[in-house]
Amino acid sequence: LNFIVEHLKTTSRKMLWRYVTLNRPLVDSVQQQWLDRENQPQNNGIIGMQRKGYGPRSVEEIIMGVLRESKDAKHKSIKLLDFAKFKRALNAWFAKYGQGTTPPPAYTNAWSDFTTIFHHSSGDRNSYIGDEGDYFDHEDRKVKGTKIQFDLFAKFCFYTLDSDWRIYANASYLAREQLSISRGKSNQQYDMLMIDEVQDITPSTMSLLLLLLRPQYQDKTILIAGD
C-alpha cells in the first residue's frame with residue numbers, strides 16, 4: 001500500500017488497482033489500512049487516492065462481478081463452492097442417502113477427486129467422466145472405501161456438477177468465456193494487480209485475473225505474494 005501511495009505521488013495518470021486474495025479477513029484488513037492512508041493529511045490531493053473502482057477485493061467478488069455482466073441467466077445464479085461448503089454438502093448427502101450407517105469418504109480425497117478428476121485442468125467440466133464407471137476406472141482416483149460409499153460419492157459429484165454450485169476454477173473458466181464474448185471488456189478491469197496468498201489460487205483463476213489487466217494501460221504492474 002505504501003508503494004501505491006508513492007506511485008500515485010509521482011504520476012498524473014488515473015490508476016485502478018486491485019488487491020486480491022481468497023481470504024476475506026485479509027481483504028477487510030487491507031481496506032481499512034487504505035482508508036487510514038486516505039485520511040492522512042499528507043496524502044490530500046493526490047490523484048487516485050479517493051478514486052472509486054479501486055481497492056481490495058476477494059477473488060469471489062472478482063469472479064462474480066464478471067459473471068454478473070453475462071447475458072446468460074445461469075451465470076448470474078452461480079454460487080461458489082469451496083472446501084468448507086463442499087464438506088458440509090457431502091455430510092448432508094451421506095446423512096440423507098447413507099441411511100445413517102455409511103460415512104462419507106475422507107474429505108481431502110473427496111475434494112481432490114472432485115476438483116481434479118471431475119474437472120479439467122482448464123477449469124471446465126471434464127467431459128470424459130460421464131458415469132460412475134469412468135470415475136471408478138480413473139488411475140488418479142484417491143477416494144477409497146466400500147462400494148456403497150463410492151457409489152454415493154459419485155452420485156453426489158454428478159448432482160453437484162448439475163447444480164448452481166461451481167468450484168472457483170470452473171467459475172473462473174466461465175468468467176473467461178464471458179470475457180471472450182465481451183471482447184475483453186469488463187467493469188472489473190484494473191491497472192495494478194496484487195495477489196496475496198497466491199498458493200491457494202488455481203491456474204484457472206490466475207488466468208482470469210491476468211486477463212482483467214487493462215490492455216491499453218502500458219505500465220502494467222503485477223505483485224504476487226504467497227507461501
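The set of residues in the range 154-175 being in a helix (DSSP H, G or I) and under 21 Å from SER186 (Cβ atoms) consists of TYR168, ALA169, ASN170, ALA171, SER172, TYR173, LEU174, ALA175. A single entry from SER12, SER70 fulfils the requirement of being polar (S, T, N, Q), open to solvent by less than 80 Å² (accessible area, probe 1.4 Å) and not in a helix (DSSP H, G or I): SER70. Is it fair to say SER121 is exposed (fewer than 12 other Cβ atoms within 10 Å of the Cβ), among the polar types (S, T, N, Q) and under 18 Å from the mean Cα position of the chain (by Cα)? Spelling it out, SER121 is indeed exposed (fewer than 12 other Cβ atoms within 10 Å of the Cβ), among the polar types (S, T, N, Q) and under 18 Å from the mean Cα position of the chain (by Cα).
Of all residues in the range 112-153, those satisfying the criterion of being assigned to a loop (DSSP other than H, G, I, E, B), among the charged types (D, E, K, R) and without any contact (Cβ under 8 Å) to a residue 40 or more places away in the chain are ASP131, ASP137, GLU139, ASP140, ARG141, LYS142, LYS144.
The values are calculated or read from the model by the stated rules, or taken from the named source; none is laboratory data. In this text the structure is predicted, and so the values were computed from the model without any measurement. Neighbour counts run over all protein chains shown; Cβ positions are idealised from the backbone, glycine included. Heads up: the accessible areas ignore ligands, DNA and RNA and are worked out on the full protein's heavy atoms, side chains in. Shrake-Rupley method; radii C 1.70, N 1.55, O 1.52, S 1.80 Å.
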